[in-house]
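A short worksheet on the structure shown next.
The values are calculated or read from the model by the stated rules, or taken from the named source; none is laboratory data. If you're wondering where the values come from, they're calculated on a predicted model, not measured in any experiment. Cβ placement follows ideal geometry from the backbone for every residue including glycine, while neighbour counts extend to all protein chains displayed.
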Amino acid sequence: MNTNKKIARIAGLFYFTFIVTSIIAEQFGRFVFVEAPLTVNHILAHEASFRLGVVISMFSNALFLLAAWALYRLLKPVNKDIALLFLIFNLGGFAIFVFSHLNLVASLVLVSGTDYLKAFQPDQLQALATVFINLYKYGSTIAQIPFGIWLFPLGYLVYKSKFLPKILGVLLILDFFGLLIYVCQRFLFPAYTVIAYPCWALGFLAEFGLAFWLLVMGVKKQNQTTIN
C-alpha cells in the first residue's frame, strides 16, 4: 500500500508540474493562446523569452510522459493491457507534439536576422514565420487526438480502480469527448472557437483534479496486491 501511495504521489507531482510548466511556457513563449502574427511580433521583441518558452514547453511534455508512465505503474493491476494502451497513446501524442516544436524553431530562425536570410525581404520572412507558427498550432491540434484517446482508457481504469474517486474517472472520459470536439472545431469550424471553451474548462477540471488528488490524497487504503 505504501508503494501505491508513493507511485500515486509521483504521478501527481509529474502531472501537476506538467500543468504548471505548460502555463509558464505560454507566458514566456506566447505561441498557444494568441494568433500567429502576434507570436511573430513577440519573437521580434522578446526573442530570449520566446526561446525560454519553447524549451520549457518541450520539457513540460516530457513530464507529461513521465506522469503517464507513473499512472501506468499505478493502474496496471486493474488491467495491464488497458494501462499499456493509454501509455502508448500518450507516447504517440508526445511524439507528434514535440516534433511540432520544430515549426517554432523554424519561425525563430526565419526572423533571427541571420546573414544568409538577407536575400529575402523582412516582410517575406515574417510571413513565412507566421506559416510555421500556424503549422505548429495544427500539429499540436493533431497531437490532441492521441492525447484525447488516452483519456478514455485512463478514465475507465480510474473508475474501476476502487482506490481513486469514480468521479475522476467519469470526468476523464468526458474529457476524452471534449478533446475530440475541440479537434473537430479546430479543423471544421475554426471561426467558432466558442465551441471549444467548455471543452477546455472540462479538461482542466478533469486533469487538474486527477493531478491534485494524486499529489495530495494519494490512493485509498484497501486490500490490493503491491505493484512490483
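Figures for the structure shown
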quantity	calculated
Residue list for segment 141-155, filter: surrounded by fewer than 22 Cβ atoms within 10 Å (Cβ to Cβ) and aromatic (Phe, Trp, Tyr)	Phe152
Segment 110-140, residues that are of a type in the set (Ser, Thr, Tyr), within 30 Å of Phe86 (Cα to Cα) and crowded, with 19+ Cβ neighbours inside 10 Å	Tyr136, Ser140
So Leu174, is it in contact (Cβ under 8 Å) with a residue 24 or more places away in the chain, aliphatic (A, V, I, L, M), touching a helix residue (DSSP H, G or I) at 6+ places or on another chain (Cβ under 8 Å) and closer than 30 Å to Lys221 by Cβ	yes
Residue satisfying all of: in segment 118-164; outside any loop (DSSP other than H, G, I, E, B) and among the hydroxyl-bearing types (Ser, Thr, Tyr); farthest from Leu38 (Cα to Cα) among these	Tyr159
Residue check for Val32: assigned to a helix (DSSP H, G or I), under 30 Å from Leu128 (Cβ atoms) and touching a helix residue (DSSP H, G or I) at 6+ places or on another chain (Cβ under 6 Å)	no
Residue that is surrounded by the most Cβ atoms within 10 Å (Cβ to Cβ), among those in segment 72-109 that are in contact with a Phe, Trp or Tyr (Cβ under 7 Å, 6 or more places away or on another chain) and polar (S, T, N, Q)	Ser107
Val78 at pLDDT 95 or above and closer than 25 Å to Leu168 by Cβ	yes
Counted residues, segment 188-219 - those being at pLDDT below 95 and touching a Ser or Thr at 6+ places or on another chain (Cβ under 9 Å)	1
Any pair with Cβ under 8 angstrom, 6 or more apart, that starts in segment 205-218 at a residue that is within 12 Å of Thr17 (Cα to Cα) and ends at one that is modelled with pLDDT of 95 or more and not in a helix (DSSP H, G or I)	none
When residues of segment 156-201 are limited to those that are surrounded by 14 or more Cβ atoms within 10 Å (Cβ to Cβ) and basic (Lys, Arg), the one farthest from Trp213 (Cα to Cα)	Arg186
Tally, over segment 41-60, of residues that are in contact with a Gly (Cβ under 9 Å, 6 or more places away or on another chain) and either outside any helix (DSSP H, G or I) or under 21 Å from Arg9 (Cβ atoms) (or both)	0
Given (1) in contact with a Ser or Thr (Cβ under 8 Å, 6 or more places away or on another chain); (2) buried (at least 17 other Cβ atoms within 10 Å of the Cβ), number of the condition Glu47 does not satisfy	(2)
